[in-house]
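The values are calculated or read from the model by the stated rules, or taken from the named source; none is laboratory data. Here the structure is a predicted model, which is why all the values come from computation and not from measurement. Cβ coordinates were reconstructed from backbone atoms using ideal geometry, including for glycine residues, and neighbour counts include every protein chain displayed. Just so you know, the surface numbers come from the protein's heavy atoms only, side chains and all, with ligands and any DNA or RNA stripped out. Shrake-Rupley method; radii C 1.70, N 1.55, O 1.52, S 1.80 Å.
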Amino acid sequence: MPNIFSQVSRNYSSDKIPLIDYPNVTANIFDNFLTYIKMTTHQFTEKVPFLDILRTKYPLLLPVKNYPVELMVQLSAICNIKCKYCKYQENKENGFMNYKTSKNLIKQINNSDINKVHLTGCGEHTLHPNFGNIIKEFAKSVKYLSIATNAQWKNDKISSYLLNAPVSLIHVSVDGCTKEHYERSRVGASFETLINNLHRLRELRNELKAPTLINIRIMICPSDIKKMKEFIEFWKKYGDTVQKHYIIKKKSDNSNNRYVPAHSWLNKYPRCRSTFHCLSVRWKGDVPLCGDNPKEYIILGNINKDKISDIWNSKILNEIRIGQRFRDYEKLPICRGCKGHC
């Protein structure tokens, strides 16, 4: 049975498959307790409404807002490295969000009640040719802007762009704590470049007195568990917080050194919260039904021609919310066995 205080489960499988209970939000918070305390406090200081913070983790406790609490935006579908476990290799199309799409998106955000934007997705956003300007516009449009990056930038101005925007929270993804481990997992990446960029980012942040929080996100395989304390101790000196992030086995991944969502292995319905608090916006403006579901070809709309509010309050999303809230499985056929993060 799953443990409310632990995402990693050893009790589901007699085959010793490394399972993880991803929808278990409480376990995720306990697993990264001090990090979540700092992140939550930081959101308060940036004036993110309390109910928005609550909805991000426990959205089923509250009525659904007229707008999503948060947008997951993909500025770039191009990356400068190849992580062995990343879905980037499965991208059928690559490119950057163009001016028209970003302008339409920011205009809609400005006319909405959306307080948070997270720049994420399969790609490295700092590669965007207009990164400095576009990130400043996003920062103006919301109370809390965050970004996920590999910190492999070779342009010295990137740190300045991030801190002057300013970005509220920077998630830097890493593997292991040695050059060998890091570069083995991230083909084409440089451990020295990462360390130098983190040093520069912290120094400049302190010089500018920017309100930016730097989070080091350690990507964890089952074989890494015994080294977790070593990893955390090493990365503590480079970030304000350190977070564990378990690597999920993707469709084209032949490695057994990955975690499998328990609900996927059991072919059950996860208790998903994403449709209650966030929408994903792809680099071309497409809004998929779900950013994690393998059937993400179901497109709800495109922000170049559809209103975010209309997409968010669409019939299909409302049906799935009813199904999730009341465990009405007839309304959740596409959710069964989902390999997503919920």
Check your understanding: Among the residues of region 246-255, is there at least one that is modelled with pLDDT under 95, part of a loop (DSSP other than H, G, I, E, B), closer than 24 Å to Asn32 by Cα and open to solvent by 10 Å² or more (accessible area, probe 1.4 Å)?
Key -> yes
Study note, to complete from the structure: So, first residue under 23 Å from Asp310 (Cβ atoms) in region 113-127, second residue acidic (Asp, Glu), Cβ within less than 8 Å, six or more apart or across chains; the pairs are Ile114/Glu70; Asn115/Asp52; Asn115/Glu70; Lys116/Asp52; Lys116/Glu70; Val117/Glu70; His118/Glu70
Revision key, fill the gap. Per the list (1) surrounded by 15 or more Cβ atoms within 10 Å (Cβ to Cβ); (2) modelled with pLDDT of 95 or more; (3) in contact with a Lys or Arg (Cβ under 6 Å, 6 or more places away or on another chain), residue check on Lys47 breaks on (1)
Check your understanding: Has region 172-181 got at least one residue that is part of a helix (DSSP H, G or I) and either within 18 Å of Leu71 (Cα to Cα) or open to solvent by less than 10 Å² (accessible area, probe 1.4 Å) (or both)?
Key -> no
Exercise for review: Return a yes/no flag: does region 191-210 have any residue that is farther than 23 Å from Ala139 by Cβ and acidic (Asp, Glu).
Suggested key: yes
**Study point:** Residue count for region 205-232, restricted to those that are buried (at least 17 other Cβ atoms within 10 Å of the Cβ), in a helix (DSSP H, G or I) and out of contact with any Cys (no Cβ under 9 Å at 6 or more places or on another chain)
**Key:** 3
Exercise for review: Could you grab me the full set of residues in region 33-68 that are over 19 Å from His171 (Cα atoms) and not in a helix (DSSP H, G or I)?
Suggested key: Lys47, Pro49, Tyr58, Leu62, Pro63, Val64, Lys65, Asn66, Tyr67, Pro68
**Study point:** Selection within region 116-170 - touching an Asp or Glu at 6+ places or on another chain (Cβ under 8 Å) and outside any loop (DSSP other than H, G, I, E, B)
**Key:** Lys116, Val117, His118, Tyr144, Thr149
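Looking only at region 312-334, count every residue that is farther than 29 Å from Ser112 by Cα, open to solvent by 70 Å² or more (accessible area, probe 1.4 Å) and free of Cβ contacts under 8 Å to residues at least 40 places away in the same chain and tell me the total.
Of region 312-334, the ones farther than 29 Å from Ser112 by Cα are 327-330, 333-334.
If we keep only those that are open to solvent by 70 Å² or more (accessible area, probe 1.4 Å) as well, we get 329-330, 333.
Filter once more, keeping what is free of Cβ contacts under 8 Å to residues at least 40 places away in the same chain: 330, 333.
Going through region 312-334 one residue at a time, the tally reaches 2.
Is it true that some residue in region 277-297 is of a type outside the set (Asp, Glu), within 27 Å of Lys179 (Cβ to Cβ) and outside any strand (DSSP E or B)?
no
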Revision key, fill the gap. Every listed condition ((1) over 30 Å from Asn130 (Cβ atoms); (2) assigned to a loop (DSSP other than H, G, I, E, B)) holds for Ile334 save (2)
